[in-house]
Amino acid sequence: MTLEHVSVAVLAAEIALMLLARLGTERRHWRHRRKGGVAPRKRDDIRLGPGLVYSVAALALVAVAVFSGIDFEWSIGTLSLLGVLGVLVPGYAAQSVMLLGTHGDHKPLKGRHETLAYVLAALGGAAAVAFV
């Protein structure tokens with residue numbers, strides 16, 4: 001299995017996690033509209049994650065790019081691809097893990113969910129180097 005295969009699998013897993021978190025959030029919104037259940041919260045948005053997960057993804061991206069010695073073209077297309085696949089998508093996926101771990105509530109995040117979120121952000125950032 002090559003690095004490209006692993007990178008595609010990581011990207012697919014991240015997208016699946018984001019969809020699961022979004023579906024759970026939307027389910028809460030649908031219940032609220034039908035039965036007067038729990039009102040939607042601004043915190044349910046996966047784009048509002050802690051900035052640390054984006055930093056972890058970016059650091060992993062830079063570390064793997066430097067240590068692997070990849071020579072890539074410094075164009076806006078390459079940098080935007082690295083930004084989206086190496087920082088944003090892993091950050092959103094990590095926030096999705098946090099949302100799924102707490103079910104969107106204000107209860108504290110368990111240590112294993114937080115660890116999984118940061119590992120996923122780092123793995124996603126590192127795997128994005130293969131797309132360049």
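Applying the condition of being without any contact (Cβ under 8 Å) to a residue 24 or more places away in the chain and among the hydroxyl-bearing types (Ser, Thr, Tyr) to segment 46-85 and asking which residue is farthest from SER7 (Cα to Cα) yields SER75. Filtering segment 1-16 to residues that are touching a helix residue (DSSP H, G or I) at 6+ places or on another chain (Cβ under 8 Å) and either surrounded by 12 or more Cβ atoms within 10 Å (Cβ to Cβ) or hydrophobic (A, V, I, L, M, F, W, C) (or both) leaves LEU3, VAL6, SER7, VAL10, LEU11, ALA13, GLU14, ILE15.
Of the residues examined, LEU99 is one that is in contact with a Ser or Thr (Cβ under 8 Å, 6 or more places away or on another chain), in contact (Cβ under 8 Å) with a residue 24 or more places away in the chain and farther than 19 Å from SER7 by Cβ. Collect the residues in segment 63-81 that are surrounded by fewer than 16 Cβ atoms within 10 Å (Cβ to Cβ), in a helix (DSSP H, G or I) and in contact with a helix residue (DSSP H, G or I) (Cβ under 8 Å, 6 or more places away or on another chain), keeping them in residue-number order. Correct list: ALA63, SER68, LEU81. Can you find a residue that is touching a Phe, Trp or Tyr at 6+ places or on another chain (Cβ under 7 Å), over 19 Å from LEU23 (Cα atoms) and not in a loop (DSSP other than H, G, I, E, B) anywhere in segment 82-105? Checking segment 82-105: at least one residue is touching a Phe, Trp or Tyr at 6+ places or on another chain (Cβ under 7 Å), over 19 Å from LEU23 (Cα atoms) and not in a loop (DSSP other than H, G, I, E, B).
Which members of segment 1-26 meet the condition of being of a type in the set (Gly, Ala, Ser) and over 17 Å from MET98 (Cα atoms)? Hits for segment 1-26 are SER7, ALA9, ALA12. When segment 106-132 is limited to residues that are exposed (fewer than 14 other Cβ atoms within 10 Å of the Cβ), touching a helix residue (DSSP H, G or I) at 6+ places or on another chain (Cβ under 9 Å) and charged (D, E, K, R), the one that is modelled with the highest pLDDT turns out to be ARG112.
The values are calculated or read from the model by the stated rules, or taken from the named source; none is laboratory data. Just so you know, these numbers come straight off a predicted model, no measurement behind them. Note: ideal-geometry Cβ built from the backbone for every residue, glycine included; neighbour counts use all protein chains shown.
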